[in-house]
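Data block below; observations after.
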Amino acid sequence: MIRLDSVAKTFADGTRALKRLDLEIAEGETLVLLGPSGCGKTTLLRIIAGLETPDEPGRVSFGGEDVTALPIERRNVGMVFQSYALFPNMSVAENVGYGLRIRGELTPAKVEELLALVHLEGFGARQVDQLSGGQRQRVALARALAVRPRALLLDEPLTALDAKLREQLRIDIDRLLRSLAITAVYVTHDQSEAMALGDRIAVMQAGEIVQIGTPRDIYYQPRTAFVADFIGTMNRLRLNGSDALFRPEDTRLVLEAQAQFSGTIASAFFLGDHTRLMVDCGGAQLVTVETTERREFAVGERVHLSVDPKAILTL
């Protein structure tokens, strides 16, 4: 278990990157730190890693052991970065086995086992500059896991990859974390990544955690307007005299007699498995509707809409 007590961070130039917070990460849990750039998520990860020291009286503990004063090399954590951070002068096998060699535990069998874990069997002799971006990130993962770390810390590891590679590596990372049951902290600004990988998500804003919970909790029961807007798409419309918030997928096309409100299609985007409609209902913003109806929609077409009352949020 990772525990943070009264952790905050103000840098020497006076920038307050992290407001005082307490946080507990369960053994074997994957916690995702999610938020926009500059919200403090990477600073929080670096404090957990030992790359930054929290302001007094902040404390970091692993499994009940106070590690606040320990540097990263003595915390036994594995780190995976956006930039891969591989040794360009070493082969794949040498990169993966680096930590094991330092500890005197290096064997070819261990390296092969790690390469198999990340689906890179037979790649050991290659140089890292012969690999694709996705393969390099797999090498970085294998190297981080080689020393059997107490925790795996991942700082936006998929940001540099294209969409298809991101999707595949997201699946592989999820499989790895589940099979190894390792405690992991994952930083991202990508909400889809957070929803797919996190046992819990901590949504951060301006240096503080504004909500923490399961992906379903965060999505269906946001506590603030910021969380509601940051996670997924949220519609805002005045219904029955009050401001209502609702998701595009909870908005149905209905007959006029069944409609709660109507509008005119401003844009229609066919996305294969569904069509996204942007509908002008007379409010300050367009209403987003996602429909699986297999027909073409025309700009300017009048449509009638209804929302399940159970899906309407008021904040």
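The values are calculated or read from the model by the stated rules, or taken from the named source; none is laboratory data. Here the structure is a predicted model, which is why all the values come from computation and not from measurement. Glycine also receives a Cβ, built like all others from the backbone with ideal geometry; neighbour counts cover every protein chain displayed.
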Got a number for residues in the range 221-275 being in a strand (DSSP E or B) and in contact (Cβ under 8 Å) with a residue 40 or more places away in the chain?
-> 16
For the range 132-156, how many residues meet the condition of being part of a loop (DSSP other than H, G, I, E, B) and at pLDDT 90 or above?
-> 3
Picking from Thr188, Thr264, Thr214, the residue that is assigned by TED's automatic domain parsing to the domain that holds Thr159 and surrounded by fewer than 21 Cβ atoms within 10 Å (Cβ to Cβ) would be Thr214
Residues that are under 12 Å from Thr264 (Cα atoms) and among the β-branched types (Val, Ile, Thr), drawn from the range 290-315 = Val299, Val303
Filter the range 157-176 for residues that are of a type in the set (A, V, I, L, M, F, W, C), modelled with pLDDT of 85 or more and in a loop (DSSP other than H, G, I, E, B) and give the result.
-> Leu158
Failed criterion for Ala12 (all others in (1) at pLDDT 90 or above; (2) under 25 Å from the mean Cα position of the chain (by Cα); (3) exposed (fewer than 15 other Cβ atoms within 10 Å of the Cβ) hold) = (2)
Output the qualifying pairs, or none if there are none: Cβ atoms under 8 angstrom, residues six or more apart or on different chains, first residue in the range 283-306 and over 27 Å from Asn240 (Cβ atoms) and aliphatic (A, V, I, L, M), second residue assigned to a strand (DSSP E or B) and modelled with pLDDT of 95 or more.
-> Ala298/Ile265; Ala298/Ala268; Val299/Ile265; Val299/Ala266; Val299/Ser267; Val299/Ala268
Flagged in the range 178-197 as under 18 Å from Gly78 (Cβ atoms) and part of a loop (DSSP other than H, G, I, E, B), in numbering order, are Ala181, Ile182
Look at Leu161 and say whether it is touching a residue at least 12 places away in the same chain (Cβ under 8 Å), in the same structural domain as Arg103 (by TED's automatic domain parsing) and crowded, with 17+ Cβ neighbours inside 10 Å.
-> yes
Go through (1) closer than 25 Å to Asp229 by Cβ; (2) surrounded by fewer than 11 Cβ atoms within 10 Å (Cβ to Cβ); (3) of a type in the set (Asp, Glu) one by one and return the number of the condition Glu296 breaks.
-> (1)
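From Leu117, Leu152, grab the single residue that is of a type in the set (A, V, I, L, M, F, W, C), under 17 Å from the mean Cα position of the chain (by Cα) and buried (at least 17 other Cβ atoms within 10 Å of the Cβ).
Every option except Leu152 fails the conditions.
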